[in-house]
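The values are calculated or read from the model by the stated rules, or taken from the named source; none is laboratory data. A quick note: this is a predicted structure, and the numbers were derived from the prediction, not measured. Glycine also receives a Cβ, built like all others from the backbone with ideal geometry; neighbour counts cover every protein chain displayed.
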Amino acid sequence: MKRFHVLFTLVCCVLLLGAPRAFGQSQPLSTWSLSSGNYTFTDWLNTNPAGTYPTAMMFHMVANIDAPATEPAVGDFNCAYNITSGARINGLGTGGLAFINTGSTLCNCNFVGAAVLALNTVGRAQIGVTWTSSVNSSGSRPYALRLQYRLSTTGPWLEVLSNGVPTEYVAPLNTSGVATQRTISATLPTVCENQALVQLRWVYFQSPVFSSGSRPGITFDQLTVSSNSTTGVATNLAIENVVPVSPSQNTGFSLRVRAVDALGAAKNVTTATTVSLGVNSGTGFVSGTITGTIPAGQSFVDLTNVSYSVAEPGVSLRATAIAGQALTQGVTAPITVTGPPAYASLAGVQTAAYAGVPMNPLTVTVFRPDNTVDANYASNITVTLVSGPGVVTGTPTVQAGAGVAVFSNLVVTAPGTYELAVNIPGVPQLRLPTIVASAAP
C-alpha cells in the first residue's frame, strides 16, 4: 500500500508539472487596515485545516527548491499543517509556524515558500514591522527568511532595507533551539505609507551559493505591524532613519526629517514647510543636500547625499523649519562618524558589448584601510562617459548599500569604442577597461 501511495503521488506530480498551470497563487482573502489597530500574528495550530490561513495572510509555494529570494510564487500551500516529511509549513501553536524544504514534495508538488500579508495603510505613517525567528530543525545549507514589499497584487517584490541591507533572519548553520532565536525589526519605506494596499512577503530561500546537505527549518512568530495616524497637529520636527547609522567621513548618507506631534507620532503639515539641516554638536560641518521641503498634506522629506566633515563620535544634527509651518527643532541621537574609505574595486568588468543592450552587472565594492568592506559607505556612485560615440544610459548612478553598489543595466547607445569612469566619493576615480560595442544582432 505504501509503495502504491508513493507511486500515485509521483504520477500526480508528473501530470501536474507536465500540464499547463491553470491556477497560480492566490491573494490574501482580506486586507488588514492599520487604522483599526496593529496587525499581530502569534500562533498557528497544526490542526488548522489545509487551505486555511491566518487573517489577511496567504502562504505561497515556488516551483524550484533552493530558489533565491526573487523567485516568484506558482501556487498556494494547501497541505495539512501537521505533516512530518516533504517540503512543508508546520503549525507550531503558540510558537507560530515553520518553513522547511526537503528534496521531496507533497500536495501540489511545489516547494515552500513564503507568507504574504495584505495591509491598508491609508492615513498611517511610521509603519514598523517586528517578528521573531529561530531554527527548529538544524541544517547545513545557508537559508534565510527575508522581508519584502510591493504596492499591488502583481509585480516584483522589493527589499525592505535596514541600514542599507535587506531585513532578514539568517539561519545559523548546524544548530537549532532557543539560542538561535532573534527578533527582527524594520521600518517600512515611506512609499508604503498612506496606501490602499501594501503587500508584505516573508520569503524562505537559500542564499545563492553552492551548498549541500539538509535545509534548516525556520520559524516565524510574534509578528506585529504597528503605525501612527497622520491625523492631528504637527508641533515638532524629528530626524529619522539615518542610513548608514555610522556614516563615513566626507561620504554621503541619508536621513528623513519628519513633522511629528509632542509624542513623536507623524503628523501632516498644513502648508509646505522648508527645513534646513545643521550641526547641533560636533567639530565638523554638514554639506551636500541639507535643505528640503515637506509638501502640504504630508509629513516628511528625505535628504540624501548629506555628508559630515570630521571623523568623531558624539555628532548630533539639528533640523530647523525655516519657512512654512512653525515647528520646534528636532535633533538626532549621537552619531559616530567613522574614518574615510581607502579604495574601491570592480567586479564583472567586460570589454565587449552590444549597443543598446544592457551590459553584465558591474559591482563596485568600497574598502576601509584594513581591507574590510566599508559597511558604513552609502554614497551615490556614478558611471560616466569619458569618450565614445554614444552616451551611457540605463541607471548610471546607484546608491551604495553597506559598501557595495551594483549597476545592473548600464547601456551604451551606439556602436564604437568607449572609455568609462566610475566616480566614487571619497576614493580615487576608477577607469573601466576599453569597451568595444558592436551593433546589436
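Numerical summary
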item	result
Val116 vs. criteria in contact (Cβ under 8 Å) with a residue 40 or more places away in the chain and within 30 Å of Ser379 (Cβ to Cβ)	no
Failed condition for Ile218, given (1) more than 30 Å from Leu97 (Cβ to Cβ); (2) assigned by TED's automatic domain parsing to the domain that holds Thr153	(1)
Condition met for Asp76 (out of contact with any helix residue (DSSP H, G or I) (no Cβ under 6 Å at 6 or more places or on another chain), of a type in the set (D, E, K, R), surrounded by 15 or more Cβ atoms within 10 Å (Cβ to Cβ) and over 14 Å from Ala114 (Cβ atoms))	no
Subset of the stretch 263-286 that is more than 20 Å from Ala323 (Cα to Cα) and in contact with a Ser or Thr (Cβ under 6 Å, 6 or more places away or on another chain) - its residue that is surrounded by the most Cβ atoms within 10 Å (Cβ to Cβ)	Gly284
Listing of strands (runs of 3 or more DSSP E) fully contained in the stretch 368-441 that carry 2 or more residues being over 30 Å from the mean Cα position of the chain (by Cα) and more than 29 Å from Gln249 (Cα to Cα)	416-423, 435-438
The stretch 30-66 - residue that is closer than 19 Å to Leu200 by Cβ and of a type in the set (Gly, Ala, Ser) and, of those, surrounded by the fewest Cβ atoms within 10 Å (Cβ to Cβ)	Ser36
Some residue of the stretch 244-251 being buried (at least 22 other Cβ atoms within 10 Å of the Cβ), outside the structural domain of Pro54 (by TED's automatic domain parsing) and not polar (S, T, N, Q)	yes
Criterion (in contact with a strand residue (DSSP E or B) (Cβ under 6 Å, 6 or more places away or on another chain) and within 19 Å of Leu420 (Cβ to Cβ)) met by exactly one of Ala321, Ala347	Ala347
Long-range neighbours under 8 Å by Cβ, at least six apart or interchain, first residue on the phi > 0 side of the Ramachandran plot within the stretch 232-252, second of a type in the set (S, T, N, Q) and assigned to a loop (DSSP other than H, G, I, E, B)	Asn250/Ser309
Among residues of the stretch 11-35, those that are at pLDDT below 90 and part of a loop (DSSP other than H, G, I, E, B), counted	8
Unmet requirement for Thr175, which otherwise passes all of (1) touching a Ser or Thr at 6+ places or on another chain (Cβ under 6 Å); (2) over 24 Å from Leu119 (Cα atoms); (3) crowded, with 17+ Cβ neighbours inside 10 Å	(3)
Criterion: buried (at least 18 other Cβ atoms within 10 Å of the Cβ), among the hydrophobic types (A, V, I, L, M, F, W, C) and not assigned by TED's automatic domain parsing to the domain that holds Val243 - qualifying residue of Ala414, Ala400, Ala421	Ala400
Number of the condition not met by Val310 [criteria: (1) assigned to a loop (DSSP other than H, G, I, E, B); (2) modelled with pLDDT of 95 or more; (3) over 21 Å from Ser254 (Cα atoms)]	(3)
Criterion: part of a loop (DSSP other than H, G, I, E, B), surrounded by fewer than 19 Cβ atoms within 10 Å (Cβ to Cβ), among the small types (Gly, Ala, Ser) and not assigned by TED's automatic domain parsing to the domain that holds Asn250 - qualifying residue of Gly297, Gly356	Gly356
3 or more residues at pLDDT below 95: qualifying strands (runs of 3 or more DSSP E) within the stretch 74-179	111-120
Residue list for the stretch 36-73, filter: among the hydroxyl-bearing types (Ser, Thr, Tyr) and either assigned to a loop (DSSP other than H, G, I, E, B) or over 27 Å from Val160 (Cα atoms) (or both)	Thr42, Thr47, Thr52, Tyr53, Thr55, Thr70
Identity of the residue in the stretch 222-233, in a loop (DSSP other than H, G, I, E, B) and out of contact with any Ser or Thr (no Cβ under 7 Å at 6 or more places or on another chain), that ends up nearest to Pro142 (Cα to Cα)	Thr231
Thr219 modelled with pLDDT of 95 or more, in contact with a Ser or Thr (Cβ under 8 Å, 6 or more places away or on another chain) and either within 30 Å of Asp43 (Cα to Cα) or part of a loop (DSSP other than H, G, I, E, B) (or both)	yes
Of all residues making up the stretch 271-295, the number that are touching a Gly at 6+ places or on another chain (Cβ under 8 Å) and closer than 27 Å to Arg124 by Cα	8
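For every residue, the table says whether it meets (1) under 21 Å from Gln399 (Cα atoms); (2) without any contact (Cβ under 8 Å) to a residue 12 or more places away in the chain; (3) not in a strand (DSSP E or B).
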residue	(1), (2), (3)
Leu255	yes, no, no
Ala262	no, no, yes
Asn268	no, no, yes
Thr271	no, no, yes
Gly278	no, no, no
Val301	yes, no, no
Asn305	yes, no, no
Leu317	no, no, no
